[in-house]
Amino acid sequence: MGRALWLRGEQDNSLIELAKAVDLSPNFALGHYALSFVHSQSGDPQSAIGSSDHSRHLSPFDPLLFGMMGARAMAHARLGEYNEAAEWALKAAARPNAHVIILAIAAHCLALAGRRHEARNFAAAIRTTWPDYRANDFIATFRFDRDGEALFRSGAKLIGLN
């Protein structure tokens, strides 16, 4: 329910439902990941980091580990911790099954950390499967608050994804 509400743009209700889910089932790793995912975009980025860590602790070999790490990367970026964001984004991108959106998280976080050469390499990798990929595509994938959107658009501009 929490994820469905998030998809409808109802962040506050989404967070309430996700909190209920992990209260009812504290070992529900995907519930903690979903909390991290929502908080990483427009909620509390510090909570996103804690939920990401907890989800990975509960399921250290989870096939969605790339998403758990990617959410943590976005949370660090929103906190202005660009080096940490870049490192977590690289870990996410290195996981099996990491898809193009995870590569985009890496490109944006690396750009924000001033690691433009690496960021451009990820942008090039993205464009092999999505040739016209732009910042608007990245923003449309998530539900960033105004500041988060501006932050990631500034990263995209640094590496030509704007």
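For this structure, a couple of remarks:
- Note on LEU7/ASN83: beta-carbon distance plugged into 1/(1 + (r/R0)^6) with R0 of 25 Å gives a FRET efficiency of 0.20.
- For region 35-51, 3J(HN,Hα) computed residue by residue from phi via the Karplus equation (6.51, -1.76, 1.60; θ = phi - 60°) reads 4, 4, 4, 5, 5, 5, 9, 8, x, 8, x, 5, 5, 4, 5, x, 5 Hz, glycine and proline entered as x.
- Three-way shape label, the chain, alpha-carbon gyration tensor, a/c 1.5: prolate
- Projecting the Cα positions of ALA92, SER47, LEU7 onto the charge dipole of region 2-158 (unit charges on Cβ atoms of Lys, Arg, Asp and Glu, taken about the Cα centre) puts ALA92 furthest along the positive direction.
- Cα-centred dipole magnitude for the chain, charges only on beta-carbon of K, R (+1) and D, E (-1), debye, nearest 20: 500
- Backbone HN-Hα couplings from phi across region 96-108 [Karplus 6.51/-1.76/1.60, Hz, Gly and Pro as x]: x, 6, 5, 9, 4, 5, 5, 4, 5, 4, 4, 4, 5
Only the coordinates and a few stated rules stand behind these numbers; no lab work does. Remember, it's a predicted structure, so these values are computed and weren't measured experimentally. Positions of Cβ are generated from backbone atoms using ideal geometry, with glycine treated the same way; all protein chains shown enter the neighbour counts.
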